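Here is the structure we will look at.
The values are calculated or read from the model by the stated rules, or taken from the named source; none is laboratory data. These numbers come from a predicted model, not from an experiment. Heads up, the Cβs are rebuilt from the backbone with ideal geometry, glycines too, and the neighbour counts pull from every protein chain shown.
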Amino acid sequence: MTKQTVLNATHRAAGAKMVDFGGWDMPLHYGSQIEEHHAVRRDAGMFDVSHMTVVDLHGARCREFLRHLLANNIDKLKQPGKALYSCMLNERGGVIDDLISYYLAEDDFRMVVNAATHDKDMAWIEKQAATFAVRVKERAELAMIAVQGPHARVKVLGLLHDEDRATADRLGKFVAAEVRGPNDMPLFVARTGYTGEDGFEIIVPEPHAIALWNALAAAGVHPAGLGARDTLRLEAGMNLYGQDMTEEITPWEAGLAWTVSLDAGRDFIGRAALDAQKNAGVPRQLTGVVLDDKGVLRHGQRVLTPAGDGEILSGIFSPTLGKAIGFARVPAAAHDGLRVDIRGRELPLRVVKYPFVRDGKACDGM
């Protein structure tokens with residue numbers, strides 16, 4: 001049975017086109033995916049991300065547990081509210097999921113995991129946590145709204161209590177705080193996001209979610225759906241689980257080496273496999289590509305290179321750049337001479353560094 005977020009009726013009342021996304025009935029767009037994309041790049045947009053799972057961890061050995069569970073090192077988090085992006089790996093070094101962890105106290109951490117991987121994530125986390133006597137609590141009663149764009153923070157700040165506004169305004173990137181919103185509603189506000197724009201991801205108790213959504217709309221924040229979320233995140237050079245990374249792909253092959261901490265003496269799950277692959281030579285790499293000819297890049301298209309074949313992982317027509325961009329996984333020795341097969345036509349691809357767009361503008365080389 002398809003699940004619904006607490007905002008489902010609100011989306012439908014706004015005329016959203018709804019689609020199945022990982023077993024959830026979610027808005028694809030509210031009329032124009034392109035307009036929603038530009039609203040986030042130029043002003044402020046909001047996304048219902050309540051299908052994602054909030055998980056709270058409690059216990060004296062929480063930090064020790066997360067040192068073992070995550071490929072990135074939780075010891076980077078020293079101040080309450082700080083957040084860490086990391087992959088959670090299997091023993092083969094494959095990516096079970098990518099997630100964000102928050103340090104609240106030494107015996108209290110919070111994680112946010114993806115909706116499509118909920119069941120396997122929870123089973124894996126609970127299995128590993130048992131060894132460390134860490135209690136795992138899924139917070140199904142919480143909703144989440146992401147507010148993103150150059151004016152997003154200002155519009156959210158305007159809804160907070162006066163005494164909390166300065167607290168939220170001072171938050172650095174990847175830092176969270178508990179504040180009060182309209183009608184004294186409790187909010188967990190994190191300066192994180194999935195669009196390449198500034199803004200907040202806000203965790204709110206479900207009974208307050210509709211009121212918060214409506215207050216944001218009244219403040220001039222534009223509703224946006226999954227379609228715009230995908231074009232925004234790819235322009236920003238951010239991976240999508242299930243396309244750019246899977247349980248069969250290591251962080252080395254997914255362009256996520258920056259999320260792996262090979263600290264001396266820390267034996268996290270999957271480390272032996274990552275060490276072995278790195279020492280042997282990583283066979284494949286994720287690279288950014290641009291199609292300057294007419295056409296659209298799509299997942300699964302074959303990429304031909306002088307070093308062997310690869311494939312397009314994520315591909316879109318970029319509303320900001322006006323051309324097709326994508327991620328391709330190709331042999332490690334492939335650096336140029338790439339071509340994509342689009343229905344029998346072989347078109348040249350230009351290899352570029354990503355992100356493709358930063359602060360709403362094309363990056364160098366685009």
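Test of understanding: among L84, L7, L69, which residue is more than 28 Å from P150 (Cβ to Cβ), in the same structural domain as V175 (by TED's automatic domain parsing) and surrounded by 22 or more Cβ atoms within 10 Å (Cβ to Cβ)? Give the derivation first.
Numbers: L84 fails: more than 28 Å from P150 (Cβ to Cβ); L7 fails: more than 28 Å from P150 (Cβ to Cβ).
Of L84, L7, L69, the one residue that is more than 28 Å from P150 (Cβ to Cβ), in the same structural domain as V175 (by TED's automatic domain parsing) and surrounded by 22 or more Cβ atoms within 10 Å (Cβ to Cβ) is L69.
Could you identify the single residue in T320, T305 that is in contact (Cβ under 8 Å) with a residue 12 or more places away in the chain, crowded, with 17+ Cβ neighbours inside 10 Å, more than 14 Å from Q285 (Cα to Cα) and of a type in the set (S, T, N, Q)?
Testing whether each residue is in contact (Cβ under 8 Å) with a residue 12 or more places away in the chain, crowded, with 17+ Cβ neighbours inside 10 Å, more than 14 Å from Q285 (Cα to Cα) and of a type in the set (S, T, N, Q) leaves just T320.
Among (1) in a loop (DSSP other than H, G, I, E, B); (2) surrounded by 21 or more Cβ atoms within 10 Å (Cβ to Cβ), which single condition is Y194 missing?
Tallying (1) in a loop (DSSP other than H, G, I, E, B); (2) surrounded by 21 or more Cβ atoms within 10 Å (Cβ to Cβ), Y194 fails exactly one: (2).
Kindly check whether there is at least one residue in the range 306-326 that is farther than 19 Å from L240 by Cα and at pLDDT below 95.
no
Among the listed residues Q148, Q79, identify the single one that is buried (at least 21 other Cβ atoms within 10 Å of the Cβ), closer than 26 Å to M238 by Cβ and assigned by TED's automatic domain parsing to the domain that holds A272. Outline the logic, then answer.
Numbers: Q79 fails: buried (at least 21 other Cβ atoms within 10 Å of the Cβ).
Of Q148, Q79, the one residue that is buried (at least 21 other Cβ atoms within 10 Å of the Cβ), closer than 26 Å to M238 by Cβ and assigned by TED's automatic domain parsing to the domain that holds A272 is Q148.
Being under 19 Å from L216 (Cβ atoms) and not basic (K, R) narrows it down to one residue among V54, V49; which is it?
None of the other options fit; the residue is V49.
Go through the range 277-336 residue by residue and tally those that are aliphatic (A, V, I, L, M) and in a strand (DSSP E or B).
The total comes to 13.
I need the full set of residues from the range 209-228 which are more than 13 Å from N8 (Cα to Cα) and in a loop (DSSP other than H, G, I, E, B), in order please.
Matches in the range 209-228: A219, G220, V221, A224.
Can you pull out the residues in the range 353-366 that are touching a strand residue (DSSP E or B) at 6+ places or on another chain (Cβ under 7 Å) and surrounded by fewer than 17 Cβ atoms within 10 Å (Cβ to Cβ)?
The answer is K353, G365.
What are the residues in the range 197-222 that are buried (at least 21 other Cβ atoms within 10 Å of the Cβ) and under 23 Å from D184 (Cα atoms), if any?
Of everything in the range 197-222, those that are buried (at least 21 other Cβ atoms within 10 Å of the Cβ) and under 23 Å from D184 (Cα atoms) turn out to be G199, F200, E201, I202, I203, V204, A209, L212, W213, L216, V221.
Test A272 against the criterion of being out of contact with any Pro (no Cβ under 8 Å at 6 or more places or on another chain), assigned to a helix (DSSP H, G or I) and not assigned by TED's automatic domain parsing to the domain that holds D364, and give yes or no.
Numbers: out of contact with any Pro (no Cβ under 8 Å at 6 or more places or on another chain): yes; assigned to a helix (DSSP H, G or I): yes; not assigned by TED's automatic domain parsing to the domain that holds D364: yes.
Here the answer is yes, as A272 does meet what is asked.
Do the conditions hold for E106, that is, is it free of Cβ contacts under 8 Å to residues at least 60 places away in the same chain and surrounded by fewer than 22 Cβ atoms within 10 Å (Cβ to Cβ)?
Here the answer is yes, as E106 does meet what is asked.
Consider the range 327-350. How many of its residues are touching a Leu at 6+ places or on another chain (Cβ under 9 Å) and either among the acidic types (D, E) or at negative phi (or both)? If you could, list the steps in order and put the result at the bottom.
First pass over the range 327-350, keeping only residues touching a Leu at 6+ places or on another chain (Cβ under 9 Å): 327-330, 337-342, 346-350.
Next, from what is left, pick out any that are either among the acidic types (D, E) or at negative phi (or both): 327-330, 338-342, 346-350.
Qualifying residue count, the range 327-350: 14.
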